[in-house]
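Participant: After the structure tokens below, expect a handful of questions from me.
Since every read-out is calculated from the coordinates, none of them should be taken as a lab result. Please read all numbers here as calculations on a predicted model, not as lab measurements. In this analysis, Cβ positions are derived from the backbone assuming ideal geometry, glycine residues included, and neighbour counts consider all displayed protein chains.
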Amino acid sequence: MKYFHIIVDGREVWGSGPVLPEDATEMSETEWQAGIDAARMQPAATLLQIKSALKVGIDAAAEAERLKYITPGHGQAMTYQQKVTEAQAFKATTNPQPSDYPILSSEVGITAETIGEVADVVLAAFAQWQQIGAMIESIRLGAKRDIDAAEDEAAARAIVDAIVWPSAQVQS
């Protein structure tokens with residue numbers, strides 16, 4: 001569990017979750033609890049501030065959901081993209097040379113026995129990711145849209161509570 005603090009619309013937000021939201025500051029559970037206690041002394045948040053905080057939480061939850069399917073890290077994301085680019089180019093070429101596909105070539109004998117088979121595995125994984133990534137993005141954006149339209153705090157919180165991420169759909 002990650003404990004964090006972030007400024008949203010000029011107001012401090014204290015939260016916890018499996019991943020840190022972008023621009024959040026990580027802290028210990030003790031520091032987090034002290035922040036929560038201090039925040040209770042602040043005037044009540046406006047509906048706009050509550051909605052903003054809920055949307056930050058949705059973004060963090062969406063990232064946690066993505067990480068159930070992919071390896072984290074900017075470099076890893078670049079590697080995934082390079083694999084797909086190489087696999088698509090490999091399949092489109094009539095006389096592919098392995099040296100033109102260094103990432104795919106590095107997986108021969110690990111992921112599959114031939115570079116063509118590696119390309120097939122990469123493209124199949126990418127097709128699966130496109131589906132799951134699209135589901136996550138649709139849920140994330142739809143929830144944020146619905147929160148913006150909510151007329152009160154209870155309705156906004158009910159939207160968050162009603163979210164069913166793809167991994168939960170698969171498990172049921």
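Participant: What is the percent of Cα-Cα separations in the range 31-97 that go past 16 Å?
Facilitator: Of all Cα-Cα pairs in the range 31-97, 71 percent lie more than 16 Å apart.
Participant: Order these by the 10 Å Cβ neighbour count, fewest first: Lys83, Lys144.
Facilitator: Exposure proxy ranking, most exposed first: Lys144, Lys83.
Participant: Tell me which GluC sites (Glu not before Pro) from the range 1-44 have a DSSP coil assignment and no more than 14 other beta carbons within 10 Å of their own.
Facilitator: The qualifying sites are Glu22.
Participant: Starting from a Cα-only point model with no solvent, please compute log10 I(q)/I(0) by Debye for the range 75-172 at q = 0.13, 0.15, 0.23 1/Å.
Facilitator: -0.62, -0.70, -1.10
Participant: Under a Cβ-only charge scheme (Lys and Arg +1, Asp and Glu -1), can you give me the dipole magnitude of the chain about the Cα centre, in debye to the nearest 20?
Facilitator: Its charge dipole is roughly 200 debye.
Participant: Sticking with this one: Excluding same-chain pairs closer than 8 in sequence, count the lysine pairs in the range 46-172 whose Cα atoms lie under 23 Å apart.
Facilitator: Here the count comes out as 6.
Participant: Then there is this: Considering just Cα atoms, how many Å³ per residue does the convex hull of the chain enclose?
Facilitator: Given the Cα convex hull of the chain, per-residue volume reads 150 Å³.
Participant: Oh, and also: Ile110 versus Ser167, label points 7 Å from Cα toward the beta carbon: distance in nm?
Facilitator: 2.4 nm
Participant: Taking R0 as 35 Å, what's the FRET efficiency between Asp120 and Ala155 from their Cβ-Cβ distance, rounded to 0.05?
Facilitator: 0.15
Participant: Over the range 1-43, consider all pairs of different Cα atoms and compute the Kirkwood hydrodynamic radius from their mean reciprocal separation; express it in Å, one decimal.
Facilitator: 10.4 Å
Participant: Based on Cβ point charges of +1 for Lys and Arg and -1 for Asp and Glu, what charge dipole magnitude is obtained for the range 1-43 about its Cα centre, in debye rounded to the nearest 20?
Facilitator: The calculation lands at about 140 debye.
Participant: Can you tell me the relative contact order of the range 24-141? Whole percent, Cα pairs under 8 Å, sequence separation 6 or more.
Facilitator: Relative CO of the range 24-141 lands at 25 percent.
Participant: Once Lys and Arg get +1 and Asp and Glu get -1 on their Cβ, which of Pro18, Ser28, Ala38 lies farthest toward the positive end of the dipole of the range 1-43?
Facilitator: Looking along the dipole axis, the top candidate is Ala38.
Participant: Here's another thing I want to ask about it. Would you please name the GluC sites (Glu not before Pro) within the range 86-172 that are DSSP coil residues with at most 10 other C-beta atoms within 10 Å of their C-beta?
Facilitator: Glu113, Glu151
Participant: Sum up the charges of everything whose Cβ sits under 15 Å from the Cβ of Gln97, counting Lys and Arg as +1 and Asp and Glu as -1, but leave Gln97 out.
Facilitator: Surrounding charge for Gln97 is -1.
Participant: Of Ala77, Met135, Leu67, whose Cα points farthest to the positive end of the dipole of the chain (charges on the beta-carbon: +1 Lys, Arg; -1 Asp, Glu; origin at the Cα centre)?
Facilitator: With unit charges placed on the Cβ atoms, the residue in question is Met135.
Participant: Continuing with the same structure: Could you work out how far apart the two model spin labels at Leu47 and Ala134 are, taking each label as a point 7 Å from the Cα in the direction of the beta carbon, and quote it in nm?
Facilitator: Between Leu47 and Ala134, the simple spin-label model gives 3.5 nm.
Participant: Provide the FRET efficiency to the nearest 0.05 for the Glu31-Met1 pair, computing r from the beta carbons and using R0 = 22 Å.
Facilitator: After rounding, the FRET efficiency stands at 0.95.
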